[in-house]
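Participant: Have a look at this one.
The values are calculated or read from the model by the stated rules, or taken from the named source; none is laboratory data. Every value quoted in this text rests on a predicted model; they were computed, and no experiment measured them. Every residue, glycine among them, receives a Cβ derived from its backbone with ideal geometry; neighbour counts consider all protein chains shown.
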Amino acid sequence: MEKLLTYSLSIFLFITAGCHQKQGIRFDHLSDEEKSAKLQELDSIKNYYYQGSRIKQALFDTLMVLDPLNADYLQEKSVTHSKIGDYHVAIPLLEKAEELNPSETLYYYSWLMTNLYKDYEKALIKLQKYDDLTPEEVDYAWGENVNFLKGKMHQQLKQYDQALQEYDYYISSEGEENVDIYVFVYRGITHMENGRYKDALADFEKMLTLYDKSSMAYYYKGITHLQLADTASALEALLHAKTLLEKGYKKTDPYKEVYNEVHLMQVEDKLAELD
């Protein structure tokens with residue numbers, strides 16, 4: 001136990017030295033072989049510490065001193081700063097990581113802008129840049145289809161024609177049987193917002209044939225019927241949405257806000273308007 005505490009203390013002192021490099025503390029006294037050995041040693045233990053802990057952040061600072069061209073260290077350190085809202089620290093780290101390794105960094109960076117930062121214009125720039133790296137391949141950002149994500153960004157910016165192009169390409173390139181079925185809801189919402197109500201209803205019906213408990217599809221189906229002045233059909237669809245939401249059928253995500261998310265109070269307010 002004593003040896004373990006001594007080892008942990010020595011590691012902490014070493015990585016703390018890395019944190020204060022800007023104050024003049026360097027590793028010039030180490031040979032290249034010693035630096036390489038120390039880098040391997042610290043890299044092998046970094047996952048034993050909690051993300052965001054003082055010692056792990058200090059560890060990344062030291063790793064970046066020992067290996068300043070490693071984009072993974074920059075990106076991993078940025079993750080904690082993103083989660084706690086230190087964007088002024090996280091973004092420069094990601095920009096530097098992108099310079100060093102655009103493919104691997106943009107895989108995460110473009111998704112981050114899309115789903116957590118909600119910076120639609122910057123997200124589109126990063127998604128397009130990532131997509132352009134492999135123009136002949138279907139690309140994924142943190143596991144999500146790039147065209148689907150681009151469609152959502154264009155939709156949020158009210159660039160409806162571009163959004164529809166991305167959704168259509170996603171469906172055609174992947175095949176209807178392989179896509180995230182919520183693409184039909186998002187394409188339907190885009191049609192609705194663009195005044196193409198019949199196309200919107202067709203997409204919501206498509207979704208409901210695939211998953212008949214989608215409160216999201218029923219809600220926007222009801223809103224579309226209201227645009228067509230079909231109050232009876234709107235009421236029926238909204239009541240379906242309300243019932244499903246009360247039973248817990250709701251598109252949600254524990255890590256991020258869902259685009260065009262539907263809440264029970266939202267449906268109840270719309271029903272009250274009809275009354």
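Participant: Restricting the first residue to region 252-266 and requiring it to be touching a residue at least 12 places away in the same chain (Cβ under 8 Å) and outside any loop (DSSP other than H, G, I, E, B), which pairs with a second residue that is of a type in the set (A, V, I, L, M, F, W, C) and surrounded by 12 or more Cβ atoms within 10 Å (Cβ to Cβ) meet a Cβ separation below 7 Å and a spacing of at least six or different chains?
Facilitator: The qualifying pairs are Leu264/Leu245.
Participant: State all residues of region 83-132 that are of a type in the set (A, V, I, L, M) and in contact (Cβ under 8 Å) with a residue 40 or more places away in the chain; if no residue qualifies, say none.
Facilitator: Leu116
Participant: Could you name every one of the helices (runs of 4 or more DSSP H) located completely within region 59-153 that has at least 3 residues being within 30 Å of His191 (Cβ to Cβ) and touching a Leu at 6+ places or on another chain (Cβ under 8 Å)?
Facilitator: Per the criteria, 102-112, 120-133.
Participant: Can you spot a residue in region 89-112 that is among the small types (Gly, Ala, Ser), surrounded by fewer than 19 Cβ atoms within 10 Å (Cβ to Cβ) and either in contact with a Cys (Cβ under 7 Å, 6 or more places away or on another chain) or under 21 Å from Val183 (Cβ atoms) (or both)?
Facilitator: no
Participant: Sticking with this one: Restricted to region 231-254, and to residues that are within 18 Å of Asp269 (Cβ to Cβ) and of a type in the set (Lys, Arg), which residue is surrounded by the fewest Cβ atoms within 10 Å (Cβ to Cβ)? Please lay out each step first, then the result.
Facilitator: In the first step, residues of region 231-254 are kept if they are within 18 Å of Asp269 (Cβ to Cβ); the result is 231, 234-246, 250.
Applying the additional criterion that residues be of a type in the set (Lys, Arg) yields 242, 250.
On the way: Lys242: 20, Lys250: 18.
Ranking the qualifying residues of region 231-254, first place goes to Lys250.
Participant: Pairs, please: C-beta under 7 Å, at least 6 apart or cross-chain, first residue under 19 Å from Glu246 (Cα atoms) and of a type in the set (S, T, N, Q) and in region 200-228, second at pLDDT 95 or above and part of a helix (DSSP H, G or I)?
Facilitator: Ser214/Val185; Ser214/Met207; Ser214/Leu208; Ser215/Ala241; Ser215/Leu244; Ser215/Leu245
Participant: Within the group Asp139, Asp132, which residue is surrounded by 17 or more Cβ atoms within 10 Å (Cβ to Cβ) and more than 30 Å from Leu59 (Cβ to Cβ)?
Facilitator: One residue alone meets the criteria, Asp139.
Participant: On the basis of being over 26 Å from the mean Cα position of the chain (by Cα) and either within 15 Å of Tyr259 (Cα to Cα) or surrounded by fewer than 18 Cβ atoms within 10 Å (Cβ to Cβ) (or both), does Leu201 make the cut?
Facilitator: no
Participant: List, please: which pairs have Cβ atoms under 6 Å, are six or more places apart or on different chains, and start with a residue in region 45-74 that is closer than 24 Å to Ser103 by Cβ and among the small types (Gly, Ala, Ser) and end with one that is at pLDDT 85 or above and surrounded by 15 or more Cβ atoms within 10 Å (Cβ to Cβ)?
Facilitator: Matching pairs, first to second residue: Ala71/Ala97; Ala71/Leu100; Ala71/Asn101; Ala71/Thr105.
Participant: May I pose another question? In contact with a Ser or Thr (Cβ under 6 Å, 6 or more places away or on another chain), in a loop (DSSP other than H, G, I, E, B) and more than 20 Å from Ala141 (Cα to Cα) - does that describe any residue in region 241-249?
Facilitator: The initial filter retains those residues of region 241-249 that are in contact with a Ser or Thr (Cβ under 6 Å, 6 or more places away or on another chain), namely 241, 244-245, 249.
Still in the running and in a loop (DSSP other than H, G, I, E, B): 249.
From the residues that got through so far, the ones that are more than 20 Å from Ala141 (Cα to Cα) too are 249.
Yes, region 241-249 contains at least one residue that is in contact with a Ser or Thr (Cβ under 6 Å, 6 or more places away or on another chain), in a loop (DSSP other than H, G, I, E, B) and more than 20 Å from Ala141 (Cα to Cα).
Conditions tested, residue by residue: (1) farther than 24 Å from Lys256 by Cβ; (2) of a type in the set (A, V, I, L, M, F, W, C); (3) out of contact with any helix residue (DSSP H, G or I) (no Cβ under 9 Å at 6 or more places or on another chain); (4) surrounded by fewer than 17 Cβ atoms within 10 Å (Cβ to Cβ).
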{"site": "Lys152", "(1), (2), (3), (4)": "no, no, no, no"}
{"site": "Lys158", "(1), (2), (3), (4)": "no, no, no, yes"}
{"site": "Ala163", "(1), (2), (3), (4)": "no, yes, no, no"}
{"site": "Gly175", "(1), (2), (3), (4)": "yes, no, yes, yes"}
{"site": "Arg187", "(1), (2), (3), (4)": "no, no, no, no"}
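Participant: Does Asp43 qualify as being at pLDDT 85 or above and more than 30 Å from Met153 (Cα to Cα)?
Facilitator: Taking the combined requirement at face value, the residue satisfies it.
Participant: So, Val179, is that one in a helix (DSSP H, G or I) and either touching a residue at least 60 places away in the same chain (Cβ under 8 Å) or under 24 Å from the mean Cα position of the chain (by Cα) (or both) or not? Reasoning before the result, please.
Facilitator: On the way: in a helix (DSSP H, G or I): no; either touching a residue at least 60 places away in the same chain (Cβ under 8 Å) or under 24 Å from the mean Cα position of the chain (by Cα) (or both): yes.
Answer is no for this residue.
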